[in-house]
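**Q** Here it is, the structure in full.
The values are calculated or read from the model by the stated rules, or taken from the named source; none is laboratory data. Owing to the predicted nature of the structure, the values given are computational and were not obtained by experimental measurement. Here the Cβ positions follow ideal geometry from the backbone for every residue, glycine too, while neighbour counts run over all protein chains shown.
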Amino acid sequence: MHKTLTIILLSLLSSNTLAGDKVQRVAKFEYSEIITYASLESERIEIIPAQGSVVTKNNSVILLNNETLRIKHQIATNRYLKSDLDLKRSFLLIQKDQISKTEHENHIINNKILQNELKLLDKKIANTMFYAPEDILILSAFAKTGELAKINTPLIEYVDISTPLSIFVKLLPSEFTTLRKGLCSVELNHATTPCTLNKFSIRDGLYEVFLDFNNKGALERHQNVMVSIGK
């Protein structure tokens, strides 16, 4: 479930216009698309979000139902709990010389084996559930509720919308001075969001600038944004 593929799209300057003292740039932004895969066979998909939906941090994104796995887990839990009681009783008996050292060591080994088996099943159970690590936007849903989740098949593609996105622009020295005054905004889906300076370098007399802005659900794949610097 937690196997992911990350794709980085580099920001590109595509056009440049002037409006009075305002410089406007159309640019693409940089972000990571993450694909989540099924890591084990499941009888059916109980929960999967629709394309375009936003899931907030720590909320359930995917739930896979694997009844066979859950039965194995319950059996392993019962065996381990019984082994734990046997081991505690063994410690009492060995102190009274009522069992042999070999028998006591066998209880210890058996308990450890059952504990490791249960940990492995715990991990598999955890892989049937996926919770949003941050606020995320579902770019694509490759399966539907009720379908069978085949191992290593993609389930969803999503992007983190809680982390600021970055855009890249080239500015003249006078434009960079304006930017340092905090006069910067990004227009995305008819909404204007302030942007802030992340880092910059100077090459051939131009300022190569990375700007950050917050994105809460307006993201679309390969979408252009309008960057405005100035009044």
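**Q** So, Y80, is that one touching a residue at least 24 places away in the same chain (Cβ under 8 Å), more than 23 Å from V227 (Cβ to Cβ), not assigned by TED's automatic domain parsing to the domain that holds I47 and not acidic (D, E) or not?
**A** yes
**Q** Can you work out which of the residues in the stretch 146-195 that are touching a residue at least 60 places away in the same chain (Cβ under 8 Å) and of a type in the set (V, I, T) is nearest to N127 (Cα to Cα)?
**A** I151
**Q** Considering the stretch 53-75 alone, what residues qualify as being surrounded by 13 or more Cβ atoms within 10 Å (Cβ to Cβ) and part of a loop (DSSP other than H, G, I, E, B)?
**A** Selection gives S53, N66.
**Q** For V23, work out the one condition from (1) aliphatic (A, V, I, L, M); (2) closer than 30 Å to P164 by Cα; (3) surrounded by fewer than 18 Cβ atoms within 10 Å (Cβ to Cβ) it doesn't fulfil.
**A** Result: V23 passes all but (3).
**Q** When the stretch 107-151 is examined, which residues are found to be part of a helix (DSSP H, G or I), of a type in the set (V, I, T) and closer than 19 Å to R44 by Cα? It would help to see each step written out before you state the result.
**A** Within the stretch 107-151, the first condition is being part of a helix (DSSP H, G or I), and the residues that meet it are 107-126.
Of the ones still in play, those that are also of a type in the set (V, I, T) are 108-109, 113, 125.
The answer is I125, and nothing else.
**Q** Right, another one. Say we look at the stretch 162-182 and pick out the residues that are closer than 17 Å to A27 by Cβ and part of a loop (DSSP other than H, G, I, E, B); which of these is modelled with the highest pLDDT?
**A** The extreme case among them is L172.
**Q** So which residues in the stretch 132-190 are closer than 26 Å to T36 by Cα and hydroxyl-bearing (S, T, Y)?
**A** Answer for the stretch 132-190, where residues must be closer than 26 Å to T36 by Cα and hydroxyl-bearing (S, T, Y): S140, T145, T153, Y158, S162, T163, S166.
**Q** Taking the conditions exactly as written (out of contact with any Ser or Thr (no Cβ under 9 Å at 6 or more places or on another chain), more than 30 Å from K150 (Cβ to Cβ) and outside the structural domain of K144 (by TED's automatic domain parsing)), does D122 satisfy them or not?
**A** No: the conditions fail for D122.
**Q** Okay, moving on. Would you be able to say whether some residue in the stretch 169-190 is over 30 Å from I71 (Cα atoms), assigned by TED's automatic domain parsing to the domain that holds V61 and touching a helix residue (DSSP H, G or I) at 6+ places or on another chain (Cβ under 7 Å)?
**A** Taking every residue of the stretch 169-190 in turn, at least one turns out to be over 30 Å from I71 (Cα atoms), assigned by TED's automatic domain parsing to the domain that holds V61 and touching a helix residue (DSSP H, G or I) at 6+ places or on another chain (Cβ under 7 Å).
**Q** Here is a check on your reading of the model: is T17 at pLDDT 75 or above, polar (S, T, N, Q) and assigned to a strand (DSSP E or B)?
**A** no
**Q** Also: Filter the stretch 41-89 down to residues that are among the polar types (S, T, N, Q) and at pLDDT 95 or above, then give me how many there are.
**A** Residues that pass the stated criteria total 4.
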